[in-house]
Amino acid sequence: MLASNRMRRLIAFISVVFALCCPNKSITKIHEMTYQIIRVRDLSTKGAGVAIAWSPDGQILAAASDFGSKVTEWNRDGELVGQFDRIGGGPALGGSIAFLSGSSELAFLPPDGADNNAALSIWDSRTGRILRTIQGPEPSGDYPVNRMHHFAVSDDQSFLVGATSGSGSTPGVTANIGILDTKSGTIKSKVLVPSGVSSISLFNRGRFIAAGTLAHGKAMIFDSESAGLYQEIRAFDDVKYGVFSIGAIAGSPDGRYVFVGVGSLLLNGEYYGSHEQREWADASETRDSVRIYDLKTGRLNTSFVHATAPIRQSAWDPKGRFVAFLDSAAALYLVNPKDASDYQRVTLPTTSLALSFSPDGKYLAVATDRGVRIFSIN
């Protein structure tokens, strides 16, 4: 991505000044949104936090850090309840950790050395012992078409939907999304997204799957029961200078809206390094990198122009009040889906990669380069 260094320096300078002047304040209030967002506590991790999830009862919080090699759990009061090591296998960014069987199990990437046909492993959340490993959608294929680096679990934990890095152009690929029965550990249905999948979400009580494409800026909405296509939204059009990937996607609890955020720009080699391409990339990075669509009509409902791409991860407030997301300028945003001019911006201590709401919507956890920061929302 071609970034504006001047813009980054300006954002960093403003953040430092704000931190020095207002060390105990976490939020800048903008426009009409009146929710109180209060920093509750900071939790330490080994290395930067890369993925985070609450248990269904909201009593346990799990975070993967140090490129996914360390998994730590705390209770709602911030007390350490468990920690284990996971050896190798690369980072686990965004939606790639989730609780199963209440809070006793964790779905997470397999360790280094796992078979290429492994999609993910189910770990004992307290001891770190692997209970079982689930095969990917292409059991006879290689690592990229089986490993699920993006996944989400239904509210009742009955099924999991995960995406691999394969695409329609990958030889032999018939699917890159698998819908898994969590009790049997088997894939009950598959979906192929030809453009590839870079982000995934479950919403509307698990009825819908939202997949952000790796190329061509699309949001693909599927029915989780039939695996059929419900809606296809062209969120960001291709241009001659390059195409967009959707780095963050989230659907509203009532199934009315879908949020999309730019993940990266895939630059067209013919124009690579040109003045026009640099201008286009800079503008794409800092303007209109977030959009919210009406799911029923597929039409743009509102767009947000204040965030800096890439958008790291997004999550909808369980009560449906707003959507939250992280951008690359160390900021957390809460945005009204009906009108994006109604928003709040929270300045974070470092770049952040993942976030998760407690099921009751009272707390929001954000994984940062220094650990985990917990906010209460009233």
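Rule-based calculations on the coordinates, nothing more; no lab input. Everything numeric here is computed off the predicted structure, so don't read it as measured data. When we count neighbours, we look across all protein chains shown, and the Cβ atoms used for this are built from the backbone with ideal geometry, even at glycine.
Rounded to whole Å, give me the distance from the Cα center of segment 251-270 to that of segment 98-131.
For segment 251-270 versus segment 98-131, the Cα centre distance is 28 Å.
Given H placed 1.01 Å from N in the peptide plane, which residues other than close sequence neighbours of Asp342 have an amide H under 5 Å from its amide H?
Under 5 Å from the amide H of Asp342 lie the amide H atoms of Asn336, each far enough along the sequence or on another chain.
With a ≥ b ≥ c taken as the square roots of the eigenvalues of the C-alpha gyration tensor of segment 310-378, please select rounded if a/c is under 1.5 and otherwise prolate if a/b is larger than b/c or oblate if it is not?
Values: a/c = 1.93, a/b = 1.24, b/c = 1.56.
Oblate, because a/c is 1.5 or more while a/b does not exceed b/c.
If I compute Cα Rg over 2.2 N^0.38 Å from the structure I just sent, which labelled value in (i) 0.93; (ii) 0.98; (iii) 1.87 lines up?
(i)
Dipole magnitude of the chain about its Cα centre, charges +1 at Lys/Arg Cβ and -1 at Asp/Glu Cβ only, in debye to the nearest 20? If you can, show how the numbers build up before the last one.
Working: 37 positive and 36 negative charges, 137 e Å.
The calculated dipole for the chain is roughly 660 debye.
Quick check on the exposure proxy: order Met220, Met148 from fewest to most C-beta atoms within 10 angstrom. Intermediate values should be presented prior to the final figure.
On the way: Met220 23, Met148 28.
With the fewest neighbours first, Met220, Met148 line up as Met220, Met148.
Hey, got the dipole for segment 24-182? About the Cα centre, +1 on K and R Cβ, -1 on D and E Cβ, debye to the nearest 20? Write down the numbers at each step before the final one.
On the way: 12 positive and 17 negative charges, 100 e Å.
Rounded to the nearest 20 debye, it is 480 debye.
Once you place label points 7 Å from the Cα toward the Cβ at Asn378 and Glu276, how far apart are they in nm?
Inter-label distance under the simple model: 5.5 nm.
Report, by chain and number, residues whose modeled amide H sits under 5 Å from the one on Ala248, excluding near sequence neighbours (fewer than 5 apart, same chain).
The list, which skips near neighbours in sequence, is Gly261, Gly263.
Among the aspartates and glutamates, which have Cα under 14 Å from the Cα of Lys190 when same-chain residues fewer than 8 positions away are ignored?
Hits, sequence-local ones excluded: Glu138, Asp181, Asp223, Glu225.
State whether segment 215-284 is rounded, prolate or oblate according to the following rule on the C-alpha gyration tensor (a ≥ b ≥ c being the square roots of its eigenvalues): a/c under 1.5 gives rounded; otherwise a/b larger than b/c gives prolate, and the remaining case gives oblate.
prolate
What percent do you get for the relative contact order of the chain when only Cα pairs under 8 Å and 6+ apart count? Before the final figure, lay out the partial values.
Numbers: 1084 pairs, mean separation 60.7, N = 378.
After rounding, I find 16 percent.
Bin by bin, in steps of 10 Å, what percent of the Cα pairs in segment 44-131 do you find, going until the bin that has the longest distance?
Final binned percentages: 19, 57, 22, 2.
In deg cm²/dmol and to the nearest 500, what is the mean residue ellipticity at 222 nm of the chain if only DSSP H runs of at least 4 residues count, each as -39500 (n - 2.57), divided by the residue total?
That calculation yields -2500 deg cm²/dmol at 222 nm.
Between Thr351 and Ala283, take the C-beta separation as r, use R0 = 25 Å, and let me know the FRET efficiency to the nearest 0.05. Show your work: numbers first, answer last.
Values: r = 22 Å, r/R0 = 0.87.
Using R0 = 25 Å, I get an efficiency of 0.70.
Taking neighbour Cβ counts within 10 Å as the exposure measure, how do Asp282, Asp155 sort from fewest upward? Show your work: numbers first, answer last.
Details: Asp282 17, Asp155 13.
Lowest count first: Asp155, Asp282.
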